[in-house]
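Peer 1: Have a look at this one before I ask anything.
The values are calculated or read from the model by the stated rules, or taken from the named source; none is laboratory data. Just so it is clear, the structure is predicted and the values come from calculations on it, not from any experiment. Glycine also receives a Cβ, built like all others from the backbone with ideal geometry; neighbour counts cover every protein chain displayed.
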Amino acid sequence: MNEITLLTEIQPPPPAQAAEIRQAARARLDAAMAGRRPPRRRAAARYRPGRPVLAAAAAVAAVCTALIVQIVLPAGQSATPFVTAAWAVQRNADGTVSIRIRGRAIAHPGRLEEALAADGIQAEVRYGVLCTPTGPVLPQQQAVVKGPFHVGPYYVTRLPLYDPFEWKIRPAAMPAGSRLVISELHPVRTATEAGAPLAIELVGDNQPVTCSAKLPDWARLRG
Amino acid sequence: MLTRRAGYPAGLTWAEQPGAAAGERVAAGTGAGAPQVTDAEIMALSRRDSSSFGLIFERHADEILRYAHARLGPDLAEDVLAETFLAAFRQRGRYDCARADARPWLYGIAIRQIGRHRRADLRSRRALARLPAETVTGDIGDRSADRVTAQQLRPCLVRALSGLSRQDRELLLLIAWAGLTYEEAAQALGLTVSAVRSRLHRLRVQIRRALGGANPAAAILEAAGDE
């Protein structure tokens with residue numbers, strides 16, 4: 001055993017909040033890559049559990065959440081929405097599930113997957129890439145996904161830069177063992193279009209997808 | 001199958017390989033056995049298409065984060081991670097594309113970011129030294145003897161680290177914690193490989209002396225075996 005090995009053995013373990021830290025850092029990089037000013041970093045105390053400031057922040061967040069629910073969800077819907085500042089998931093009286101994206105980005109994709117799973121929708125949510133299934137989507141896609149999508153080989157749209165975007169999913173129409181792949185690429189701005197490309201595909205549970213950080217030809221919108 | 005966009009290297013489409021480990025991005029080629037895209041190729045692409053740089057983050061963020069966290073703790077790890085990749089993004093035009101692997105370059109930037117937080121670095125080392133040492137019993141079982149010994153020696157090791165110059169400490173930790181090779185550490189610190197070798201030799205002697213000169217690991221294991 002040498003001195004280097006000894007030092008290696010006392011290396012502190014990786015952070016427990018790695019995914020959260022990574023996502024926050026990626027958001028700052030995404031802003032820079034899109035030519036925007038990177039958002040300011042979060043308070044350093046954020047990762048210290050049990051501090052009074054966290055309790056206060058949680059209280060503020062709870063109030064904000066309640067306000068957002070009041071704002072974004074029309075009356076007559078169920079009282080168990082899953083809401084973040086970036087998106088809201090709501091089960092409707094007719095059995096459909098509404099998804100509303102705000103702020104152009106599916107922040108916290110893991111939490112969106114959990115929210116959809118709570119409403120019986122198995123989903124794979126990816127941010128920063130667009131995913132293409134191997135093989136065709138399931139034929140039930142048309143019955144499952146309802147929204148202002150461009151229908152080609154896959155459903156694709158552009159999340160508007162400033163307005164919210166909403167679509168509905170009918171979980172009852174999803175075949176057993178199927179899953180929805182929801183993927184969103186970073187916002188693009190070209191001579192003919194602007195917005196964040198978002199694609200949605202209904203695939204078999206074991207059907208692989210290939211995800212790319214580039215805008216594939218099938219996701220290009222013209223005219 | 002995705003189609004190749006104009007301006008891409010022939011035969012390559014940037015993609016994530018289905019089934020690849022998290023964060024592991026490879027290029028899906030137009031046929032079997034397509035070559036893996038190097039960091040240098042991505043860096044070259046990112047000069048024309050800035051969003052390509054996201055792949056560099058996906059490949060190396062976990063590693064840089066782990067290192068930043070080990071050096072400064074969770075509070076500043078996000079800051080160092082974000083600032084490292086923001087700086088790398090801004091400096092991508094200066095990247096030497098003859099270097100296929102961007103890790104040494106990224107570590108070099110990360111070290112500069114860590115250097116901006118010297119007090120936190122010191123606090124982090126003090127906290128590491130204060131961690132209680134693990135109890136060694138006669139039955140070590142299948143636990144690594146190296147690990148047990150290192151935990152016993154941790155306060156001395158941390159003290160020895162703190163007694164080094166900043167540049168020496170960076171070199172040791174790049175080798176021991178980041179797992180860089182001598183050549184990679186040399187690139188990260190702007191040294192020659194021979195300078196790295198000679199410095200490491202000197203540093204190992206220095207640490208051995210700080211630990212008592214002999215082989216303290218053997219003494220600890222011997223004591224454990226007697227119990």
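Peer 1: I need the full set of residues from the range B:57-71 which are more than 8 Å from chain A (Cβ to nearest Cβ), surrounded by 24 or more Cβ atoms within 10 Å (Cβ to Cβ) and not hydroxyl-bearing (Ser, Thr, Tyr), in order please.
Peer 2: Passing the criteria: B:ILE64, B:ALA68, B:ARG71.
Peer 1: Would you mind finding the one in B:GLY93, B:GLY115 that is surrounded by fewer than 19 Cβ atoms within 10 Å (Cβ to Cβ), more than 12 Å from chain A (Cβ to nearest Cβ) and under 19 Å from A:ALA31 (Cα atoms)?
Peer 2: B:GLY93
Peer 1: Now, a different point. (1) at pLDDT 90 or above; (2) over 20 Å from B:ARG130 (Cα atoms): which one isn't true of B:GLY179, the others all being true?
Peer 2: Just one mismatch for B:GLY179, condition (1).
Peer 1: State the number of residues belonging to the range A:123-155 that are within 14 Å of chain B (Cβ to nearest Cβ), part of a strand (DSSP E or B) and either touching a Phe, Trp or Tyr at 6+ places or on another chain (Cβ under 8 Å) or of a type in the set (Asp, Glu) (or both).
Peer 2: Adding up the residues that qualify gives 3.
Peer 1: Please specify each residue of the range A:104-146 satisfying the condition of being without any contact (Cβ under 8 Å) to a residue 60 or more places away in the chain and at positive phi.
Peer 2: Within the range A:104-146, A:GLY120 is the sole residue that qualifies.
Peer 1: Further question: Filter the range A:141-187 down to the residues that are in contact with an Asp or Glu (Cβ under 9 Å, 6 or more places away or on another chain) and among the hydroxyl-bearing types (Ser, Thr, Tyr) and list them by number.
Peer 2: Once the filter is applied, which keeps residues that are in contact with an Asp or Glu (Cβ under 9 Å, 6 or more places away or on another chain) and among the hydroxyl-bearing types (Ser, Thr, Tyr), the range A:141-187 yields A:TYR154, A:TYR155, A:SER178, A:SER183.
Peer 1: Right, next: Among the residues of the range B:81-122, what is the count of those that are under 18 Å from B:GLN167 (Cβ atoms) and at pLDDT 90 or above?
Peer 2: So the answer is 10.
Peer 1: Is it fair to say A:ALA32 is among the hydrophobic types (A, V, I, L, M, F, W, C), part of a helix (DSSP H, G or I), at pLDDT 50 or above and out of contact with any Asp or Glu (no Cβ under 8 Å at 6 or more places or on another chain)?
Peer 2: yes
Peer 1: Would you please name the residue that is nearest to the other protein chains (Cβ to nearest Cβ), looking only at residues in the range A:106-122 that are small (Gly, Ala, Ser) and surrounded by fewer than 21 Cβ atoms within 10 Å (Cβ to Cβ)?
Peer 2: A:GLY110
Peer 1: Only one of A:ALA27, A:ALA19 is at pLDDT 80 or above, more than 7 Å from every other protein chain (Cβ to nearest Cβ), in a helix (DSSP H, G or I) and in contact with a Gly (Cβ under 9 Å, 6 or more places away or on another chain); which?
Peer 2: Unique residue meeting the criteria: A:ALA19.
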